[in-house]
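Shown next, in structure tokens, is the structure this report addresses.
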Amino acid sequence: MKSLVSGVEVLPASSVSMDIKKTICITGHRASRIAPYKNNPAYSSITYSAVKLMLYRYIDMAVEAGYENFISGLAGGTDLWSADYVLMKKRRNDRIKLIAVMPFIRHADCMSEKEVYTLADVERKADYLLTVNTNPDIVYGKNSSAGCSKNLYRDRNYYMVDHSSAVIAFIDNKLRYSGTFQTINYAYKNGHKICSFSMEKIYSIIEKSDLDIRTIGYEIAHSENIFRT
């Protein structure tokens, strides 16, 4: 089976094994669900930039702490931003691997053109491109008709947790009924290390920076490595 986006061979998730102790998964919200600083659309760019910089810092900290395998669920926003950064890290460290896990083969149908472009690049460069559901015709849906399943994203989230020992999470406490919190709650129940940062933390950093992206970058880059605490 091949990806409808990149044409890359997609393997069943069950066919790949990895060292769980050195594996971490990443979860967080889609870009469309990230509210800009002060709910002002004029601050969307600086808000997205701050979230990305924090994600990058957490990935750097994970690498410093010995993690080598990074699992991305390939959704827009957090998943693709972090996957793209892991690929950059791979160019400097050949021990790093990106495991890209799609929930089902047609998961990109609702993505924007820009997201699909990034997704195709990530799929082509990932070490493994996997899916937790190999039915090529399955789609997400809450009805019980043939060809629909309401568990596709849940199964992908649970797979990521089951095959890692820690989680990097970007959370907005206003979005508790989300796949991100589903992933975090499942990881918590399974005793995983959870290293998270919140939307409130991002707003606080922006506030203190006086809207200066260089100041934001400096503060984030010099934050303590929480994976070692």
What are the residues in the stretch 104-151 that are outside any helix (DSSP H, G or I) and of a type in the set (S, T, N, Q), if any? 112, 131, 133, 134, 135, 143, 144, 145, 149, 151
Among the residues in the stretch 85-92, are any touching a residue at least 60 places away in the same chain (Cβ under 8 Å) and not polar (S, T, N, Q)? no
Exposed (fewer than 14 other Cβ atoms within 10 Å of the Cβ), farther than 30 Å from residue 42 by Cα, more than 17 Å from the chain's Cα centre (by Cα) and not small (Gly, Ala, Ser) - does that describe any residue in the stretch 138-145? yes
Report the residue count in the stretch 161-218 for those that are crowded, with 16+ Cβ neighbours inside 10 Å, of a type in the set (S, T, N, Q) and assigned to a strand (DSSP E or B). 1
For residue 227, are the conditions met, namely being crowded, with 17+ Cβ neighbours inside 10 Å, outside any helix (DSSP H, G or I) and not acidic (Asp, Glu)? no
Conditions first: (1) under 23 Å from residue 214 (Cα atoms); (2) in a loop (DSSP other than H, G, I, E, B). Residue 95 passes all but one, so which condition is the exception? (1)
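Restrict the check to the stretch 65-72 and report whether at least one residue is among the acidic types (Asp, Glu) and surrounded by 20 or more Cβ atoms within 10 Å (Cβ to Cβ).
Pass one, the stretch 65-72, residues among the acidic types (Asp, Glu): 68.
Restricting the remaining residues to those that are surrounded by 20 or more Cβ atoms within 10 Å (Cβ to Cβ) gives none.
Among the residues of the stretch 65-72, not one is among the acidic types (Asp, Glu) and surrounded by 20 or more Cβ atoms within 10 Å (Cβ to Cβ), which makes the answer no.
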Tally of residues being surrounded by 16 or more Cβ atoms within 10 Å (Cβ to Cβ) and either at pLDDT below 95 or out of contact with any Leu (no Cβ under 8 Å at 6 or more places or on another chain) (or both) across the stretch 38-57: 10
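The values are calculated or read from the model by the stated rules, or taken from the named source; none is laboratory data. Note that the coordinates shown come from a computational prediction; the quantities given were computed from them, not determined experimentally. Counting neighbours? That spans all protein chains shown, and the Cβs are built from the backbone with ideal geometry, glycine included.
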